[in-house]
Every structure is written in structure tokens, then in C-alpha cells.
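A short write-up of the structure that comes next.
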Amino acid sequence: MKIRRLPVGAVVLSLLAVVLSGLLWWTGTPARAAFAPTVALIPVSGSVSGQPESVRFSGQARVSSELVLDTSRTRPPHPPSVILIIDLSGVAGTGSSSEARYTVGGDGTPVFRQLASADTVEITFPFTRGTTMSVSSAGMSSVRSGVVTFALSFDTNTGAITSGTASIASPAFPY
């Protein structure tokens, strides 16, 4: 009885083809296609009431917008989204009675939203008296909260912010 053997070269070539096709399948289309972020400077103003004094805020928020397309599902496709990074480090406050400076925290707050031509985004941010955002010897009781509401317009093709305004107010926490 005669046994036929495959040539070693054919076996290696077949194995190489299987490995390469597996790599191509595994690295195929990315599940998330992201685009370069765009940055908009949004004017911010408003007041937060409370003790020991009300605080008037003004400045510019730096809002980065990145269009995200999820290509992992084609039917029905996921709608386009944007990742917003909101930096409030360009916003500062002044005490209404003491004229003391107040510093805002919340530099780099990420927000994920479905892309629309217009959207309203609201975030809560911390602030404290002084020139740096830190907890003083008074502890966490020295840190207060405010709410900033952004009214943003987007280019629905690129995810870029085309215009925006922002206002600051006191938080309406439920009791």
C-alpha cells in the first residue's frame, strides 16, 4: 500500500493563507471611526446664589467636539455621535460682596451625545474661593456647585460646533 504525502511547501502555504485571512478578518473595519476634534471657545456668564455670598462668573469655556461614527452595526446603523470635552478653566468668579476671586473646576469634563443640528448640554461644576481649585482647611464645605448650560449648534457633517452660548446658574438639587 502506498501513502501519498502532501509536499511540505503546500502545507506551509495553506497554513500561511489561513493565518493571513484570520488577521484580515480580525483587523477588518474599525468598530469606531473617529475624526479629528474641533475646538470652539464659548462665552460664559451668570451667577450662583448662596452663602457666604453670591458669585458672578464670566469667561470662555473651551469645548472640543469629535465626531464618532460606529461602523460595527450596519442595519440599522447607529446614528452619528459627538464626544464633547468641556474645559471651564477659562471661567472665573467674583464674590458679590467681598469682590474675592473664585476658581472654577471641571477642566476636561467629557460628554457623549447623539449628533443633532442643535443641542443643550448641562453640567454641574465645582468652584471655591481663591486662585486655585483646592480644598482648604475648611474642608469640603468650602467647595460649592454651579450649573452651566450650553446651547450648541453643530455641523451635522463634521460634528464641529458652529455656534454656542453658555449661562451659569445655581443648581436646583432636589431635597
**Asked** If you take the residues of region 55-71 that are hydroxyl-bearing (Ser, Thr, Tyr) and assigned to a strand (DSSP E or B), which of them is farthest from Thr128 (Cα to Cα)?
**Response** Ser65
**Message:** Condition (residue is open to solvent by less than 30 Å² (accessible area, probe 1.4 Å) and under 18 Å from Ala40 (Cβ atoms)) applied to region 92-103: is it met by at least one residue?
**Reply:** no
**Message:** Checking the structure you have, find out if any residue of region 16-34 is at pLDDT 90 or above, out of contact with any Leu (no Cβ under 6 Å at 6 or more places or on another chain) and assigned to a strand (DSSP E or B).
**Reply:** no
**From the options Ser96, Ser137, residue that is at pLDDT 90 or above, over 16 Å from Thr38 (Cα atoms) and of a type outside the set (Phe, Trp, Tyr)** = Ser96
**Request:** Scan region 141-155 for residues that are buried (at least 19 other Cβ atoms within 10 Å of the Cβ) and among the hydrophobic types (A, V, I, L, M, F, W, C) and jot them down.
**Result:** Val148, Phe150, Leu152, Phe154
**Message:** Looking only at region 90-108, how many residues end up being part of a strand (DSSP E or B) and under 30 Å from His78 (Cβ atoms)?
**Reply:** 2
**Prompt:** Quick one: in region 156-171, which of the residues that are part of a loop (DSSP other than H, G, I, E, B) and either in contact (Cβ under 8 Å) with a residue 12 or more places away in the chain or within 17 Å of the chain's Cα centre (by Cα) (or both) is surrounded by the fewest Cβ atoms within 10 Å (Cβ to Cβ)?
**Reply:** Pro171
**Request:** Hey, can you tell me all the residues within region 109-134 that are touching a Phe, Trp or Tyr at 6+ places or on another chain (Cβ under 8 Å), within 30 Å of Gly50 (Cα to Cα) and either open to solvent by 40 Å² or more (accessible area, probe 1.4 Å) or at pLDDT below 90 (or both)?
**Result:** Thr109, Thr120, Glu122, Arg129, Gly130, Met133
**Request:** Determine the pairs where a residue that is in a loop (DSSP other than H, G, I, E, B), located within region 109-126, has a partner that is open to solvent by 30 Å² or more (accessible area, probe 1.4 Å) and at pLDDT below 95 with Cβ atoms under 8 Å apart, the partner being 6 or more residues away or on another chain.
**Result:** Leu115/Pro79; Leu115/Pro80; Leu115/Thr156; Ala116/Thr156; Ser117/Thr156
**Item:** Answer from Ser89, Ser65 - the residue that is of a type in the set (Ser, Thr, Tyr), at pLDDT 95 or above and under 17 Å from the mean Cα position of the chain (by Cα)
**Value:** Ser65
**Complete:** Within region 36-62, restricting to residues that are within 17 Å of the chain's Cα centre (by Cα) and surrounded by 15 or more Cβ atoms within 10 Å (Cβ to Cβ), the one that is farthest from Thr158 (Cα to Cα) is Gln60
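The values are calculated or read from the model by the stated rules, or taken from the named source; none is laboratory data. In this text, all values refer to a predicted model and were calculated from it rather than measured experimentally. In this analysis, Cβ positions are derived from the backbone assuming ideal geometry, glycine residues included, and neighbour counts consider all displayed protein chains. Side chains included, ligands, DNA and RNA excluded: accessible areas come from the protein's heavy atoms. Shrake-Rupley method; radii C 1.70, N 1.55, O 1.52, S 1.80 Å.
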